[in-house]
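Only one structure is covered here, and it is reproduced in the block below.
What follows is calculated from the coordinates using simple rules that are stated; it is not laboratory data. Just so it is clear, the structure is predicted and the values come from calculations on it, not from any experiment. Methodologically, a virtual Cβ is constructed for each residue, glycine included, from the backbone with ideal geometry; neighbour enumeration extends over all protein chains shown.
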Amino acid sequence: MRRNNIIKREPIQEICTSTPPRLLTLRKAAEQLGLSMWAMRERIWSGQIPVVRFPKGRKFYIDVNDLEEFIEKNKDTLS
């Protein structure tokens, strides 16, 4: 009997090296905090969460570092 010289190749595994975005849209930031869009806007308007605006741009973005800081400031224990 003659054998086929077929080489089995394993599928190539992709390595994901992309880093998550630093700036989030209002919607994504609200989702991350579990807030509605209006609740997120209220926190922005009250100065609790700063925003990033690009020159001549209408949209604003939220820095993930500011979200982390907001979370840390608002941690509380129920005792």
Check on residue 35, in contact with a Phe, Trp or Tyr (Cβ under 7 Å, 6 or more places away or on another chain) and of a type in the set (A, V, I, L, M, F, W, C)
no
From 31, 14, residue being assigned to a helix (DSSP H, G or I) and out of contact with any strand residue (DSSP E or B) (no Cβ under 6 Å at 6 or more places or on another chain)
31
So which residues in segment 26-62 are over 20 Å from residue 73 (Cα atoms) and loosely packed, with under 10 Cβ neighbours inside 10 Å?
38, 55, 56, 57, 58
If residue 77 satisfies every condition in (1) of a type in the set (Ser, Thr, Tyr); (2) surrounded by fewer than 11 Cβ atoms within 10 Å (Cβ to Cβ); (3) outside any loop (DSSP other than H, G, I, E, B) but one, which is the exception?
(3)
